[in-house]
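Encoded as structure tokens, the structure appears first; notes follow it.
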Amino acid sequence: MSALSGTIFLADCPARTAMEVIASKWSVVTLYALHDGPKRYGELVDMSGGISRKVLTQTLRRLQANGLVARTAFAEAPPRVEYSLTPLGESLQEPIAALTEWAKEHGETLVAFQEQGDSVAG
């Protein structure tokens with residue numbers, strides 16, 4: 001490992017900024033929820049199990065501000081808004097799928113370690 005290999009996570013590094021944007025649990029969940037096409041706000045709330053409306057709004061705004069999600073407002077009565085992945089957001093689908101597979105494969109092991117820690121701490 002070279003001395004420069006750790007520099008990608010320095011405070012002013014674009015890679016660190018990118019990791020901070022996508023590392024949020026709700027960012028990954030929201031991006032995954034949009035993988036099969038545009039969704040309305042209520043659909044995202046339902047699909048994201050446990051996210052508050054406030055946090056979903058903040059997450060969507062952050063993802064939109066960073067070019068990962070597009071918001072489309074339709075001039076209809078009642079108003080309709082949809083969220084979809086941008087090409088940049090689409091580029092994250094393969095890494096998110098790989099992470100999801102890893103989580104499925106190792107999730108039970110992680111829970112077991114957490115439970116061990118709880119019994120040791122208690």
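Some observations on this one:
- Boolean, ARG16 is in a helix (DSSP H, G or I), surrounded by 12 or more Cβ atoms within 10 Å (Cβ to Cβ), of a type in the set (D, E, K, R) and modelled with pLDDT of 95 or more: no
- Filter pass, LEU31 being in contact with a strand residue (DSSP E or B) (Cβ under 9 Å, 6 or more places away or on another chain), part of a helix (DSSP H, G or I) and surrounded by 10 or more Cβ atoms within 10 Å (Cβ to Cβ): yes
- The criterion of being part of a loop (DSSP other than H, G, I, E, B), loosely packed, with under 11 Cβ neighbours inside 10 Å, small (Gly, Ala, Ser) and within 15 Å of the chain's Cα centre (by Cα) holds for GLY50.
- Complete set of residues in the stretch 53-103 that are farther than 14 Å from LYS39 by Cα, charged (D, E, K, R) and not in a helix (DSSP H, G or I): GLU76
- Test result for LEU63, touching a helix residue (DSSP H, G or I) at 6+ places or on another chain (Cβ under 8 Å), at pLDDT 95 or above and surrounded by 10 or more Cβ atoms within 10 Å (Cβ to Cβ): yes
The values are calculated or read from the model by the stated rules, or taken from the named source; none is laboratory data. What you see is a predicted model, and the numbers here were worked out from it, not measured in a lab. Virtual Cβ from ideal backbone geometry, glycine too; neighbours counted across all protein chains shown.
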